[in-house]
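K.L.:
One structure, as structure tokens, below. Some questions next.
The values are calculated or read from the model by the stated rules, or taken from the named source; none is laboratory data. Model, not experiment: these values are computed from the prediction. Cβ atoms come from the backbone with ideal geometry, glycine included; neighbour counts cover every protein chain shown.
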Amino acid sequence: MVKLVIHPSKKQSKINKEIYGHFSEHLGRCIYEGIYVGEDSPIPNKNGMRTDVVEALKEIKVPVLRWPGGCFADEYHWKDGIGPKENRKKMINTHWGGVVEDNSFGTHEFFELCEQLGCEAYVNGNLGSGTVQEMSEWVEYITFKGVSPMSDLRAKNGRKEPWKLAFFGVGNENWGCGGNMNPDFYANEYRRYQTYVRNYDMENPTAKICCGANVDDYEWTSDVLKTCYRHSPVQFHGFMDGLSLHYYVHPEGWEIKGSATEFDDKVWYKTLNKAFYMDELIRRHGNIMDEYDPDKKIGMIVDEWGTWYTVEPGTNPGFLYQQNTMRDALVAGITLNIFNKHSDRVKMANLAQMVNVLQSVILTDGADMLLTPTYHIFNMYKYHQDAQLLDSFVETENIGVEEEWQVPNLTESVSMDADGNIHITLTNLSLTEDYPVETILTDYEAKEVKGEIVHGEMTDKNTFEDKECVKVCEFTGAEITEKGIRFTIPRCSVLHLTVK
Ligand code: AHR
């Protein structure tokens, strides 16, 4: 019998709701088709946003949405995306398939989407190919309330009141697609650009996100902080509120990537092993951040994460369209448990990407749509949003079919919500073993337990022919004991238990 020990009285960090954030780029069919179809579309929409997609996203309580990229952000000139649509400039989306971007989805449309979703806005600015003035004016356009050239322009375009801009990224992947800069150069550019990202609305300040490292580039983290960190109280009044980190799971490496749907048990464990690497990355980048910021006031912002496979056969390689299986459900469950456990440092994370790109929660086909296994994990984990992480520990053993790609059999995280309910999310990575779990809740009397589960075979997926192959099912296998609760977690599953 595996032991899971939970200490409800040992409250740890708050799990910021933004850890459950999403990312939507002008890439493939994410924005266009996936979210935005335009007001004249036969697909039911509200102000151009697909009603079916928006309703499904509201269900998982999307807390924050990052836009417009990604690599696209450092080539995006926001003034091309405002004003009458027929006058908007067309551009080439050089990063993603070389298609024509008609700029029909711009700033006003993004904030309309955020309003419909009820989520915060995270806008990523252009440092790679844009000017300081352009970045500064964008923030003025979005947030300034009084009389100014940019607020006048906003009003002329139909929006008198400013919007709330919760987060602003000062460049994206500036070590790569965002300008190929070295850390010292970027860090000085960050200092300069962020100066002009003004906080006009002090009641709703905009947090500034500095571009952080690619995967294990610890030198980038160290060098950027060395140049940017200010040892003064001013530091925490808007100089740098977050430092990003990007990490994708490629089962067979960056070059080959690997199929999204056809894989064997070796690749299953290899993929999950790679998902675990997130934990090491957070710890090691976090240790460097601790040297400068021991009080953890600067958030680690994992604003791109997820699986990245070879595109679906027959689709545009530049569109990054991929299917989603139980393996993705497990990657999501494992990763979100890791984020919860590191919520003292990780303040936001954004799955890449929301619809039709990489590890999406939704796939669309014309007027049709489906929810992926990853969607269901976000739906079960939503109860952790803004809850208090509890001290917990699960006994594990290493499993796998190859020495090199072993993984712990189970992962967990536990939180207490504002009503005092305890939420346990547990993943079983084994393809063969169910595990009986004895849960000990110290100094706590459990009165009621209910559960829900996503469970299946490793390559199970939802298709337009069979949309409910993978879904959330009720889990009735948990019973209350003297010490806590007891249940058996089936192989290849993600479980959510609510204890009252
Ligand atoms: O999410 C796809 C791409 O991955 C983003 O545009 C970029 O930031 C990253 O390399």
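K.L.:
Let me confirm something: among ASN356, ASN350, which residue is buried (at least 23 other Cβ atoms within 10 Å of the Cβ), over 12 Å from the mean Cα position of the chain (by Cα), closer than 30 Å to ASN45 by Cβ and at pLDDT 95 or above?
P.N.:
ASN356
K.L.:
Let me ask something else about it. For region 55-90, enumerate the residues that are within 30 Å of TYR383 (Cα to Cα) and charged (D, E, K, R).
P.N.:
Passing the criteria: GLU55, LYS58, GLU59, LYS61, ARG66.
K.L.:
Looking only at residues in region 425-461 that are polar (S, T, N, Q) and not in a strand (DSSP E or B), which one is surrounded by the fewest Cβ atoms within 10 Å (Cβ to Cβ)?
P.N.:
Ranking the candidates gives THR432 first.
K.L.:
Next up: Within region 135-182, track down each residue that is more than 16 Å from the ligand (Cβ to nearest atom) and among the acidic types (Asp, Glu).
P.N.:
Across region 135-182, the qualifying residues are GLU137, GLU140, ASP152, GLU161.
K.L.:
From the residues in region 279-308 that are more than 16 Å from the ligand (Cβ to nearest atom) and within 16 Å of the chain's Cα centre (by Cα), which one is farthest from LEU431 (Cα to Cα)?
P.N.:
Of everything passing the filter in region 279-308, GLY299 is farthest from LEU431 (Cα to Cα).
K.L.:
Here's another thing I want to ask about it. Go through (1) crowded, with 17+ Cβ neighbours inside 10 Å; (2) away from the ligand (no atom under 16 Å from the Cβ) one by one and return the number of the condition PRO44 breaks.
P.N.:
For PRO44, the exception is condition (1).
K.L.:
Could you check how many residues of region 322-344 are within 16 Å of the ligand (Cβ to nearest atom) and either assigned to a loop (DSSP other than H, G, I, E, B) or on the phi > 0 side of the Ramachandran plot (or both)?
P.N.:
The qualifying residues number 2.
K.L.:
Give region 1-32 a look and list any residue that's charged (D, E, K, R), in contact with a strand residue (DSSP E or B) (Cβ under 6 Å, 6 or more places away or on another chain) and under 17 Å from ALA352 (Cα atoms), or say none.
P.N.:
GLU18
K.L.:
From the set of residues in region 50-107 that are within 16 Å of the ligand (Cβ to nearest atom) and among the small types (Gly, Ala, Ser), which is surrounded by the fewest Cβ atoms within 10 Å (Cβ to Cβ)?
P.N.:
Result: GLY98.
K.L.:
Between a residue in region 97-114 that is in contact (Cβ under 8 Å) with a residue 60 or more places away in the chain and farther than 19 Å from VAL64 by Cβ and any residue that is in a helix (DSSP H, G or I) and aromatic (Phe, Trp, Tyr), which pairs come within a Cβ distance under 7 Å, given they are 6 or more apart or on different chains?
P.N.:
GLY97/PHE319
K.L.:
Do we have GLU189 as more than 16 Å from the ligand (Cβ to nearest atom), of a type in the set (D, E, K, R) and without any contact (Cβ under 8 Å) to a residue 12 or more places away in the chain here?
P.N.:
no
K.L.:
OK, next. Out of all the residues in region 213-233, is one or more closer than 28 Å to ASP80 by Cα and either surrounded by 22 or more Cβ atoms within 10 Å (Cβ to Cβ) or touching a strand residue (DSSP E or B) at 6+ places or on another chain (Cβ under 7 Å) (or both)?
P.N.:
No: region 213-233 contains no residue that is closer than 28 Å to ASP80 by Cα and either surrounded by 22 or more Cβ atoms within 10 Å (Cβ to Cβ) or touching a strand residue (DSSP E or B) at 6+ places or on another chain (Cβ under 7 Å) (or both).
K.L.:
Which of the residues that make up region 462-485 are touching a residue at least 40 places away in the same chain (Cβ under 8 Å) and either assigned to a loop (DSSP other than H, G, I, E, B) or in contact with a helix residue (DSSP H, G or I) (Cβ under 9 Å, 6 or more places away or on another chain) (or both)?
P.N.:
Of everything in region 462-485, those that are touching a residue at least 40 places away in the same chain (Cβ under 8 Å) and either assigned to a loop (DSSP other than H, G, I, E, B) or in contact with a helix residue (DSSP H, G or I) (Cβ under 9 Å, 6 or more places away or on another chain) (or both) turn out to be ASN462, THR463, PHE464, LYS467, VAL470, LYS471, VAL472, THR481, LYS483.
K.L.:
I'd like to check something: does region 480-496 contain any residue that is among the hydrophobic types (A, V, I, L, M, F, W, C), more than 16 Å from ILE6 (Cβ to Cβ) and surrounded by fewer than 18 Cβ atoms within 10 Å (Cβ to Cβ)?
P.N.:
Within region 480-496, not a single residue is among the hydrophobic types (A, V, I, L, M, F, W, C), more than 16 Å from ILE6 (Cβ to Cβ) and surrounded by fewer than 18 Cβ atoms within 10 Å (Cβ to Cβ).
Results for (1) farther than 26 Å from ALA207 by Cβ; (2) among the β-branched types (Val, Ile, Thr), shown as yes or no for each residue.
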position: GLY34; (1), (2): yes, no
position: VAL37; (1), (2): yes, yes
position: PRO68; (1), (2): no, no
position: HIS77; (1), (2): no, no
position: ILE92; (1), (2): yes, yes
position: VAL99; (1), (2): yes, yes
